[in-house]
Each structure stands twice: as C-alpha cells, then as structure tokens.
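K.L.:
Dumping the structure here so I can ask a few things about it.
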Amino acid sequence: FVQQGLPWRVFGFGELRHGNLPQWNPHVFLGAPFVGAFQSAMFYPPNWIYLLLPVGLATNWLIAGHLFLGGLFMNNWAARRGLHPLASLVAAALLMFCGPQFLRVYAGHLPVLCAMAWIPLGFLAIDEFFKTNRWSWCLVGVASLTMQILAGHPQYCFYTLVTASIYSGLCLVRSDRKGFMAAGLASMLLGAVALSAVQILPAMDTTSESVRSVKLPEAIAGSFSLPPENLVTLLAPGFFGDGSHAPYWGRWNQWETTLFVGVTGLALAIYGAVYGERSTRRFCLPMVVILVLLSLGKYTPLFQVLYGLVPGFDKFRSISRFSFFAAIFLCMLAGIGLDRLLLDPKRQSRAAAIASGVGLLLGVAAAVVHFAVAGEAPADWWQKLLAGIQATLEISISPQSYADPEMMRRFGEFAAFSLAIAAATLIAMAALLALVGARRWPLYAIAALAVAEPFCFARLSRDTFSLSQAYPADVAAFLKEHPGDYRIFDAMNHNEAMIVGAYDIWGYDSLVSLRLAELMAVSQGQQVTDAVFYAHYPRFTAYHPLYRMLRLRYLFQRVNGAVQSLEFPGALPRVQLVQNHRVIKDRDAILDTLLNPGFDPTQTVIVEDSPGIKREPTAPAGTASVIDGSTDYLVIEAHLPAPAILLITDGWSKNWRAESTKADGPEYRVMPANYVLRAIPLAAGDHTIRLEYRSLAFTVGKWISLAALLAYGLAIATAQGFVRPRLGRGESSKAQRLARNAAT
C-alpha cells in the first residue's frame, strides 16, 4: 500500500479534486500513462470516497466496506441456494475472514480486496440465471463484472472469467436450453466490457507499450504458485509462521499461500460435500478440486499446458490466487454442511467420531514437532525439512535463518502450537456434535466456533500503521531546499515522488514501459532480453553516465537508518535544442550507441525515422523553454536561427501530440528520441508548441461506456420481475422450510 496504493490515490484523486483527470503521470518512470494503468481505478465508484475523506480514513472505509460487501453477497448467494439463515451467515463470515482474503489487508493489496468483493455476486447471478431463466439476472452479472474490472486488478478479472467459464460449463451440461443460457452468459461479459470500456481500452493501449505486451518468462509466470506442503494451512495457518508473531518461513509469501477457512469450517465443508443435498451443493466439490489444482501452478504438469496454450496464463504470476476462488466454494460447502446439521442431525455421531480422531492425530503431530525442537539441537528430520524449503530459493526471509538453531526452534514451536490449536478445535467440535440430539444449542455453538476461528485468525493477522510513518520527512525537506526541474532515484520508496511532487526515473508498477525497462536493464549490465524479468525484479547496482540524459540529479537511500542523498552532476534540462541527429531503426543498435562512452546526448539525438530537416552545424544555437504545463500537457517556446531537434527529456508514448498554439501555425511531429524520450523536429523560426497526451482509446472508450450506461439504465427500467425474493428451493422443500422456520 505504501509502495503503490497510497501514492496513486494521493496523486490521482488529488488531481481530480482540482478538476483534472490525469491521463499521464509525470512523476515516475520518466512519465507513464495513469488512467490507462488498471490499478489507478479512477472510474471505480467506491474510490470516489477519496474526494471526500482523508486518504487514511477513506482507505479504512474501503477495506472494511469491501470485506462487508463480499460477506453480504456470499450470504445472499447461500440464501438463494436455500440454506438456513444461520448457515448462510456462517458461509459469509468464513469468506470475510479466511486466509486467501483477509491476509490481503496485511499485504496492503487494496485493488485486490476491492475486486474480490464482487466475485460472489457474479456466481449468484449465474446460479439464478440458470435457475430462473430470467434475463434480469444477466444485468446483475454485468454489474458484478463491471465493478470488478473497474476495481483495478485485471488478474482477478481474468481468473474470475476462467472460474466462471468452468462453473458455467458444468451448469450447461445439465441445462436443457444450452443456446439460451450461453447467450445470457455471453451478454454478461459483453455488457461488462462495454460499461468498462473507458478503463479497458486505455489499459489495452497502455499495455501495448509496456512489459506486459510480451510473454512473461515461464519462471516468472510460475512464481508464487501454491506449494503442495502449504495445504497444511487448511488446518494450521501458522504452521509456517504468521509473519507477525513468528517469521513466515514457507515458500513465497504468506498471503499468497495460506488457505485457512477455519478447522470447523473445513469440517463442515467436508460434511456438506458428503451429506448435503445434491441440488444445493451442485458442483462445489469439483470446483474446489479444480481450483486447488490450478493454484498449485508450476508444481503440476497442468501449468505448462496452460502457459503454452491458453492465452492469459503467460501474462500473470501468482497463480496461487485461484485459492481464493476455491475458498468461495469451500465456504459454500461449509454453509451446506451446517444447513444439513440444522435440518437433519442424524449422522452427527459419525461426524463426531471422525472429528475427534483427526483431532487426536493432529495433537500427536503437534507433540512430534514440539519434541523435535525441544532438545539442544533440532531433530534431523526437522533440519532436513527446513533445508529443503531453503534450497528452493522461493523464500522471503534470510537463508541463514534456516540453519540458525534458535530460529529453527522458534519455527518448530510455532508450528506445533498451530497444530495443537487445530487439534483442540476439532476435539471441541466433536464434543459439541456428541451433545446434539434433542438439544439445538450445540449446533449454534458449532456455528459460533466456525465464525470465531477465522475471526481470531484475522484479528491476529491484522496490522496497522500511521501514514506519518509511511515516508521519511527527510526527502521532502531536502527537495524543498533544492528546487529545480530534475529527476531523482528514490531507492527506498519508488513511488514517493508522487507524494512529494518530485520526478523519478523509476517507479513501482507492473506496467513499466518496455523501452525504459530495456534501457535500464542494459545500463545495469543485463541483456536486453532480460527486460521483462528486470521490470519485475529491478536491481540498481551502479550509476550510469547515461542517466544524466534522463535528468537524474539525486539518489536517495537509507544507510544505518538515516536517509542519505547523492548528487550526480550534468543532468540535462527538460527541453533543449540539438542540431545533430542520427537515424537508427534497430533497437540493439540504438542501445549500443547510447551506451557507448563517446555518446553525448547534448550534441546528438538518435531518432528512428528521418526528421525531415537539414543539419546546419555552423548555425548558432537557439533557445527553448517550458512556459506552462500540467500532468497531460506542456507549452514550449522555441526560437531557432536554424532547423534543429527539440529534445524533451520525458518518457515517450505514441499518444503524445504536438500542435501550434497559433491558428495558422505549422504542423509538428512527435518522435521517439534516444529510444525512451521525445523529440519534435523544428524548422528555423519562432515556435509556441502545445505538447499534449491524447489517447484515442480513452476517447472511444468514454463514449462506448456512456452509451452502454444509458442502455443499461433502460434495461433495468424495463426489466420485469427484477430479482424477486424467493424462499427455499421450490415447492418440494415446503416441509423443510416449515421445520426450519420452527427451529429458527
């Protein structure tokens, strides 16, 4: 959140508050598209709270509100399947506080949390459309997917489409009106795409110039898969540490690889999968199995097939995020299990015996781990387990920790404690099941236990901080004392420039310009083909003289807890006139020329096409200056005694346009210069140029979205029988409803 969410919200909605919708972000990556970056989420209605409240308070409301919304939609979906109100509530609570969702709060993944909230509503719409055959439910599906797209996390949108396609395919197999149903499902997707075109089209345009335009290397796409050993987190979420009370020593990150929905919730889900009504539990268990298999990612042969053949799987990493979708269906199964217990608790004795048996096994496992680390030196098998995890290099803490006896003991003690908690919970549940008979209160106690488990897990996983702690005041104070139009490199917080109003040569986002990533990679001694890898794992080991071409003047880093600055001389101005140019079209040749120690960016500009002007090397130099500007435009005055290239040391994009401020002024052409910058060829004379970022994709998307919004409003207004409340599952369940009402 500090690296991306906070600065993006401060910048984007700060500009919008002053009447400017920023299509361009001049503060990071030499300048980069902003609205076209999905995670800016400027068109997501809940985000407009940032226009009214301070950023910290608005963020807290967004987090809490979206957790509640996800629970509300889950509750409604379960209720529509005919579950008891208490069972529906338990399913909702499990989803709100489960590991795959709530740990995103700890990680600060705000767009992820916003996108997650709308997913249960989408599955509710699919279910009800198949059940009722009413087009009005397609409108609900359109709203769900539209809000998810606008929330700002395309990966969850893609995974939603994959999951919904699998689920809908299973439903279509049993449908008697396959063509009608397929048309309705397609309308949900097309309607959502049309409504969110104002976000999708600029994002596609931005992606075409970014590292996302090329295929991710398989090593990156497969990273953050769900390690098979992390299936133990279904029972013991702290087995590998919790990040707060004990370091997380498992593979990848805790928030990507923890499946916990509660031990009681898992037991109820198994009960529901075995004994739930077929019509109620439909496809939940197959979906859990399929989604967990997808989450395992590179640890199964399936991933290589998906990566090579299915478009989209080669664009994202962290395939373990399918685990959230598995959690959705697990929570539904848990609700179904509780519903069956409330309606027909005849098999509770068998369930109690199984729960107590598994609880005892977990207790034995806890004791084994405890005694393995209780001696002077950890047991050999425990050391081998830790060494195996460390050898994968898929870890987030120091490798030395895995060989430190004290840390090994700490890891084991917390793992044993987590297993013991799971064992005690199962035994408590077994005891409550044994008491079920004529008495109803043990069932309500089981429901309370099911909710309390993930709630306590979430409460212990929650972390807070003050916004005043987010960024050191030293950087802002230093920049205030050293005014000027230059760039910095903030090695501590790459997006801090957006907070303090500075300009950085780098930033923190997945949509890095491919040209910039290639230049930075080769300037740091890597291959140009490593640019995509470099964009995800940047390493700045040394200053390169070429960075003065990017206006770099100061580097900030933290040394022994204090912020230090390092100044680099010779940074170019924002605009300057250069009389000499070279036309080079090949990328590698351009980069080789730029990296040549003899290249002087003040004397020569490299362009990729003929600028259409003649060189006059003996002519006197002209002058150029910026006289006005904002996020999306610059106004430049230039006075030239001879033709020259106007070099603008800001990032290149194909959407920059230049025109004269005079009605009868000349036409101008914006060209890429020195591979990552901008250039405008100028004839001799006086020029006043307005250089503006104008995205045709944004304009087209805006009008499509406005037209779609009007059509959507008319569709709602004319819909008949729009989402009428329904009780139960049909006339055949009347006796069950009467019994349930009496019990309630």
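The values are calculated or read from the model by the stated rules, or taken from the named source; none is laboratory data. Because the structure is a prediction, the values reported are computed rather than measured. Cβ coordinates were reconstructed from backbone atoms using ideal geometry, including for glycine residues, and neighbour counts include every protein chain displayed. For accessibility, only protein heavy atoms count, side chains too; no ligands or nucleic acids. Shrake-Rupley method; radii C 1.70, N 1.55, O 1.52, S 1.80 Å.
K.L.:
In segment 473-499, which residues are in contact with a Leu (Cβ under 6 Å, 6 or more places away or on another chain) and among the hydrophobic types (A, V, I, L, M, F, W, C)?
P.N.:
Listed by number, the list holds a single entry, PHE489.
K.L.:
Quick one: in segment 101-112, of everything that is aliphatic (A, V, I, L, M) and open to solvent by 10 Å² or more (accessible area, probe 1.4 Å), which residue is modelled with the lowest pLDDT?
P.N.:
My answer is ALA107.
K.L.:
In segment 407-441, how many are over 17 Å from LEU266 (Cα atoms) and in a helix (DSSP H, G or I)?
P.N.:
14
K.L.:
Residues that are out of contact with any strand residue (DSSP E or B) (no Cβ under 6 Å at 6 or more places or on another chain), within 18 Å of LEU572 (Cβ to Cβ) and crowded, with 19+ Cβ neighbours inside 10 Å: does segment 653-670 have at least one?
P.N.:
Within segment 653-670, not a single residue is out of contact with any strand residue (DSSP E or B) (no Cβ under 6 Å at 6 or more places or on another chain), within 18 Å of LEU572 (Cβ to Cβ) and crowded, with 19+ Cβ neighbours inside 10 Å.
K.L.:
Further, regarding this structure: Find the residue count for segment 208-244, including only residues that are among the β-branched types (Val, Ile, Thr) and open to solvent by less than 10 Å² (accessible area, probe 1.4 Å).
P.N.:
Total satisfying the criteria: 3.
K.L.:
Same structure again: Mind listing just one residue for me: the one in segment 611-626 that is in contact with a Pro (Cβ under 8 Å, 6 or more places away or on another chain) and more than 19 Å from ARG582 (Cβ to Cβ) and, of those, most open to solvent (accessible area, probe 1.4 Å)?
P.N.:
PRO620
K.L.:
When you scan segment 525-544, do you find a residue that is assigned to a helix (DSSP H, G or I) and exposed (fewer than 15 other Cβ atoms within 10 Å of the Cβ), even just one? Spell out the reasoning first.
P.N.:
Here is the first cut: in segment 525-544, the residues assigned to a helix (DSSP H, G or I) are 528-536.
Those still in the list that are exposed (fewer than 15 other Cβ atoms within 10 Å of the Cβ) too: 529.
Yes, the conditions are met somewhere in segment 525-544.
K.L.:
Only one of PHE329, PHE303, PHE260 is at pLDDT 95 or above, surrounded by 24 or more Cβ atoms within 10 Å (Cβ to Cβ) and part of a helix (DSSP H, G or I). Can you tell me which?
P.N.:
Just a single option satisfies the conditions, and that option is PHE329.
K.L.:
Cβ contacts < 9 Å: first residue under 30 Å from ILE648 (Cα atoms) and assigned to a strand (DSSP E or B), restricted to segment 556-571; second residue open to solvent by 60 Å² or more (accessible area, probe 1.4 Å) and of a type in the set (A, V, I, L, M), any location; separation 6+ or different chain. Result?
P.N.:
Taking only residues 6 or more apart or on different chains, the pairs are PHE556/LEU566; GLN557/LEU566.
K.L.:
Can I ask one more? Hey, GLY312 hits all of (1) within 24 Å of VAL112 (Cβ to Cβ); (2) at pLDDT 95 or above but one; which does it fall short on?
P.N.:
Result: GLY312 fails condition (2) only.
For every residue, the table says whether it meets (1) among the aromatic types (Phe, Trp, Tyr); (2) touching a residue at least 24 places away in the same chain (Cβ under 8 Å); (3) open to solvent by 10 Å² or more (accessible area, probe 1.4 Å).
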| site | (1), (2), (3) |
| --- | --- |
| PHE29 | yes, yes, yes |
| LEU52 | no, no, yes |
| ALA58 | no, yes, no |
| ALA78 | no, yes, no |
| VAL90 | no, yes, no |
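K.L.:
Identify, from the list TYR471, TYR508, the residue that is part of a loop (DSSP other than H, G, I, E, B) and closer than 28 Å to PRO545 by Cα.
P.N.:
Among TYR471, TYR508, only TYR508 is part of a loop (DSSP other than H, G, I, E, B) and closer than 28 Å to PRO545 by Cα.
K.L.:
Here's a follow-up. List pairs: first in segment 433-459 and among the acidic types (Asp, Glu), second open to solvent by less than 40 Å² (accessible area, probe 1.4 Å) and not in a helix (DSSP H, G or I), Cβ under 9 Å, 6+ apart or cross-chain?
P.N.:
GLU453/PHE260; GLU453/VAL261; GLU453/GLY262
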